[in-house]
Amino acid sequence: MSTQKPKLKTAFKKARVISPLYTGGPVAATPDGTRLVTCVGEEAVLTNVEEGTEICRFIGDTESITSICISPSSSHVCLFTSSLSLRIYELPTSLTPLEKSIHPLRVIARAHDAPVHVCKTDPTSTYLASGAADGVVKVWDIQRGYVTHVFKGHGGVVSALVFNYPFDPSFLGRETKMQLITASVDTRIRIFDLSAAAARSGAASKPEAVLEGHVSVPRGLDVTRDGKWLVSGGRDSVALIWDISPKPTQDEKGKSSKGKGKEKAAAPLLVKTIPVLERVEAVGFLPQDDGLNGTTSGKAKLQIYTAGEKGVVKVWDVSAGSVLYTLGQEQESISDDQEEQRQIVDAIHVPAMSTIISIHADQNILFHSLTARSLTRQLVGYNDEIVDATFLSPFLPPQATAGPSTSKYMDTHVALATNSSLIRVYSSNSLDARLLSGHSEIVLCLDQGAQGRILVSGSKDRSARIWAPSLSGLSSDDSSLALVPEWKCVAICEGHAESVGAIAMSRRTSEDDQNALRYMFTGSQDRTIKMWDLSTVPISAENVDNQAMKLKSLATHKAHEKDINSLDIAPNDRLLVSGSQDRTAKIWAIEYSVSGNDSSRTVRGEIKLLGTCKGHKRGVWSVKFGRAERVLATGSGDKTVKLWSLDDFTCVKTFEGHTNSVLRVDFINAGMQLVSAASDGLVKLWNVKEETCTATMDNHEDKVWALAVSSDERTIASGAADSVVTFWEDCTEEQEQEKESKRADMVLKQQDFENYLALHDYRNAILLALAMEQPGRLHSLFKALPSESAAPTSSITGHLAVDEVLRTLSGADLARLLRYVQSWNAKAKTSVVAQRVLHAIVKLRAAEDIMSAFNQANTLAKLTLTNDLAVTSGKPAEKGGATALRELIEALVPYTERHLTRMDKLVQESYVIDYLLGEMDGGMFGLDDDLEEEADIMDVDTAVGVVA
C-alpha cells in the first residue's frame, strides 16, 4: 500500500466567472436566440446564452441605456442613452469572447429632444424607428445615419412601435407598402405610411388611421407576418385584435369612389377584445403552420401570448378568448414588494427556437419553450452581495462511494445565498439557474449533507429549511447533468428568537439506512445552538406533498456571549465547533442515539462543552475541522488564521498575510494546506507545515464572504460582495509540466548555443542567444572574441563573421541587442563590450536602418499585446519606434560620456605614472657608468658656457 503524501498545490487558475449579467433596463436578443444584449450599469453586454460566457462589451457614453434593438439580420446593435444620443454598433459574428470593447460605427449626439424608451428595426434591417417621451417618432436609415421620416402629434410618451411589412405569397409581383404602427400614453394607436409615394405627397407625416380602444397606455404591439392582423395589449388589462388588411369599399351606388379608379381603403376594424385580467407589458402573435386566409374566419387560427404583472406568459386562443396554457408559475401568497419584483417588464419571441424570453423586474431572464411548454433556462441577472456558497450533487446515486466512477455526479451544481430571500442554484458549467423561494427574509448561511444531495439554509426570518431535489423526468446521463433540477422545501426548523446565521449538517448518514439523515445544528444571534432531528426527513422530493414538515429540536444551549457566526461538525460526527463574535471558538462533544423501532422510535441528542479556544483579538468569523487530523482552523477579524490542537485546545500555528478580516477558512490536500478568504478581496492558499502563503487568488473587489471547496479539491468557488462568483481550478500539474517543458527546451537551446560556439557559427549563436533572451551569454560571446580572432585589427568587434552578423541583423533582433547594450553600458565592468558592440552597429548600420528596426519591434509588440485596449487607428506606428530609439539614445549618452571622462582621466594619470617611474629610476636605483660620464661632461660644458 502506497503511503506517499499528496503533492502540495501551488497554483489555481481562474476557470469560470459568474458576474452580473443584467442590472435592469432594456434587453434585446438575436433572431436565432443564441445571444443576448443586456444592460450592466451604463454598459451593454453581449452574452453567449448556450455557454454562459460574456462575448464582449459595447463602449457607452457613461449614461444609462434607455432602449436597445438588434436588426433582424444580426448585423447591427442600436441603442439610445439618457444623454439622448443614438449609438450604432456592428454585432460580432463570432461567439469567441473578445478582449477589446466594441466602439460604435456611428454616434448621433442628439437624436431626439427627449429620452427614447422604444425602438425597433424593420424586417429588412434597413430602417430604425425610435419613439421619444415628447411624442416624436423618427425613422432612421441605419447604414447612412440620417432621418427619413418624422412623425409628430402623439399625445405624450411613445410606448410601443412595430413595423408592418407584409409578406404574402399572393402579393408577389405587387408593390407592398411599409407601415409604422405606434402607440402612446394618450391610449391611441396610429398607423403611418412609409412608402415613397406618401412621402412625396406630404401625407406621410399624418397617420393613415387612428385606432381607439384602450383606456390606458398600450405597452405591446405586434402584427402577423402577412400584415393582416394587429394585436395590442395595455395596462388596461385587455388585449385587442384589429383587422388592418386593406379592403376596398364601394359607394352606395355600387361604383368606385368618384369613378376615378381610386379605391378608398376601409378603416381598421376591432374584431376581438380579450380580457387578460392583468396589466399587459408585452404581447405578440405566435406563428401558425397552416397559415391564414385573410378573412375573418382566419381569426380562429390565431394565437397570441401576453406577459405582465403576474410574472407568467399566457398563450391565448384568439377565437375562443381563452388561455391555452401558461408558461411559468404564478406566485400565490406573496408580499406586494415581491409581486412587484416578479412582474414581467418585457417578453421577446424567438421563432427560430420556438421560445419566449421573459424579462422580469427582479433582473431575471427566463427562457420558455413553446414546444415543451416548460422553463428551459433561467439567467439570473444580478446576484447582489453573495454571502455563502456550497457545492451540490443532486444526481449522485444513493449508494455512491467516493470512487472515480461517481466523480462525474459530484459537484454538478452550486448553491448561492445572496442578499435576498431566494436561494440561487447554478449549474457548475453554465449560467442556467433556478431560484428557491420559501424564506421570507435574507438567507444568511448554507450547508449540504448526504454528499451534496441535501441543501440546508438559515435565514433572517429565524428559521432553517431543508431542501431536496426533484429529479422526476430527469435521467442521470451526461446530458441531464447540466440541467438544474427543481428543489423543494421538505422540512422547516423554527424556534430561534433571532436570525439564523450559522448552520451545519451531519457529515454521515444513518448506519442502518444509508439514505436516512441524522441531525443538524443551527446557531443564531440569540447566542444559542439548537440540535435538530432529521431522521424523518426524506432525501428526495419525489413523493413529498407541498406541505413541508415541521421539525423539533433535540437540544438548545446558550453557547456564547455574542452572535454565533459559524458552525462545523467533525468528519466523524463526534465533535461540534462554534465560532462567535465574543472572540472564542468552543468545541462540543456530540451525543446522538436512536432507539426502538419505527413505531416507537426514540431519538436523543445532546452536546457537552469540551474546551474553549482563546487567542483571537477580534470576533471569530469562520471555524473548520481538519478532514484528516485532529486540528481546528479559525479565521478572525484580527486578520489572522489560527490552527488549534484538539487535545489541549492551544494555538499551534498562526497565519498572517491578509490585510483585513478573515471571513472563511477550509482545509484541502489532506490537511496539508489551508484556503482562506477575507475582506481584502483575496483568496489565499497556505502551506500548513511552513506557515507560508503558497498562492494568492485575486478576482474580487470587495469582501469575499463565500468559499466552497469541491469534493475532489480541484475547484474552489469564491463569492464576494461585488456580486461575482469565481471558480478557481487547480493548475499545479499543468504549471509543473509547462515549467519542465520550458526547462528541457532551454537545456536543448543552451547545448545548441555551445555547439554553435565550438563550430564558430556566430550567426546562429547570436540569434539563439537573442531568442532565449540571455544577455549574459551574448556578453560572454562578445568578450571572448578578440582572443579568438586571428586578425583583430581588421574587425570592429574582433571577428569579421560577427561584424557581418551585426550588419545583417533583423529589425526586432537589432532592437533587442541595443537594449542589452544599454543595460551593459550602465556598468563599468561590462561597458567595454557595450561600447565595442555599439561602435560596430553605428559603423555598420545607417541611422535610418536603426530607426526602422525599432519601428518593426514596436509593431511586433503591438501585435502580440493582447490586453492593450487602446485604439491604434489614426496613430502611425513610426512614432512608437522613434520614441523607443530616442529613449535608448538618452539612456546611452550619459553613461558613454561618463566612460569617456573616466578614460581621459586614466590617460592623464598614466602620464603622471610614467613621470614618477622615470624619476624613481634615476633617483632611487642610480645610473650606470656611461651615463655618469655623460652627465659629468654635460656639467663641464655647462660651466664653461656660463663663464664665457
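Mind checking whether some residue in the range 765-778 is exposed (fewer than 14 other Cβ atoms within 10 Å of the Cβ), of a type in the set (Gly, Ala, Ser) and within 27 Å of Glu897 (Cβ to Cβ)? Looking for residues that are exposed (fewer than 14 other Cβ atoms within 10 Å of the Cβ), of a type in the set (Gly, Ala, Ser) and within 27 Å of Glu897 (Cβ to Cβ), one finds at least one in the range 765-778, hence yes.
Count, please, the residues in the range 237-249 that happen to be modelled with pLDDT of 90 or more and not in a strand (DSSP E or B).
Residues in the range 237-249 being modelled with pLDDT of 90 or more and not in a strand (DSSP E or B): 1 in total.
Can you find a residue in the range 590-609 that is modelled with pLDDT of 90 or more, surrounded by 14 or more Cβ atoms within 10 Å (Cβ to Cβ) and more than 20 Å from Ala555 (Cα to Cα)? No: zero hits. Quick one: is Thr295 among the β-branched types (Val, Ile, Thr) and at pLDDT below 90? In short, yes.
Yes or no, residue by residue, for (1) of a type in the set (S, T, N, Q); (2) at pLDDT below 90; (3) out of contact with any strand residue (DSSP E or B) (no Cβ under 9 Å at 6 or more places or on another chain):
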{"position": "Thr376", "(1), (2), (3)": "yes, yes, no"}
{"position": "Gly381", "(1), (2), (3)": "no, yes, no"}
{"position": "Leu416", "(1), (2), (3)": "no, no, no"}
{"position": "Ser420", "(1), (2), (3)": "yes, yes, no"}
{"position": "Ser428", "(1), (2), (3)": "yes, yes, no"}
{"position": "Ile442", "(1), (2), (3)": "no, no, no"}
{"position": "Gly449", "(1), (2), (3)": "no, yes, no"}
{"position": "Gly452", "(1), (2), (3)": "no, yes, no"}
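With respect to Cys613, determine if the residue is crowded, with 23+ Cβ neighbours inside 10 Å and not β-branched (Val, Ile, Thr). Yes; evaluated as a whole, the condition is true for this residue. The residues of the range 804-840 that are within 26 Å of Thr901 (Cβ to Cβ) and in a loop (DSSP other than H, G, I, E, B), listed by number, are Ala826, Lys827, Ala828, Lys829, Thr830.
Provide a single number: the residues in the range 141-162 that are touching a His at 6+ places or on another chain (Cβ under 8 Å) and either among the basic types (Lys, Arg) or at positive phi (or both).
0
Scanning the range 405-424 for residues that are crowded, with 24+ Cβ neighbours inside 10 Å and hydrophobic (A, V, I, L, M, F, W, C) returns Val414, Ala415, Leu416, Ala417, Ile423.
When Asp849 is tested against (1) over 20 Å from Leu759 (Cβ atoms); (2) assigned to a helix (DSSP H, G or I); (3) modelled with pLDDT of 80 or more, exactly one condition is not met: (3). The residues of the range 115-140 that are in contact with a Ser or Thr (Cβ under 6 Å, 6 or more places away or on another chain) and closer than 15 Å to Pro72 by Cβ, listed by number, are Cys119, Thr121, Ser125, Leu128. The strands (runs of 3 or more DSSP E) falling completely within the range 183-226 that include 2 or more residues that are surrounded by 15 or more Cβ atoms within 10 Å (Cβ to Cβ), modelled with pLDDT of 90 or more and not small (Gly, Ala, Ser) map to 188-193, 218-223.
The values are calculated or read from the model by the stated rules, or taken from the named source; none is laboratory data. Small disclaimer: the values here were computed from a predicted structure and weren't measured. Note that we place each Cβ from the backbone using ideal geometry, even for glycine, and neighbour counts take in every protein chain shown.
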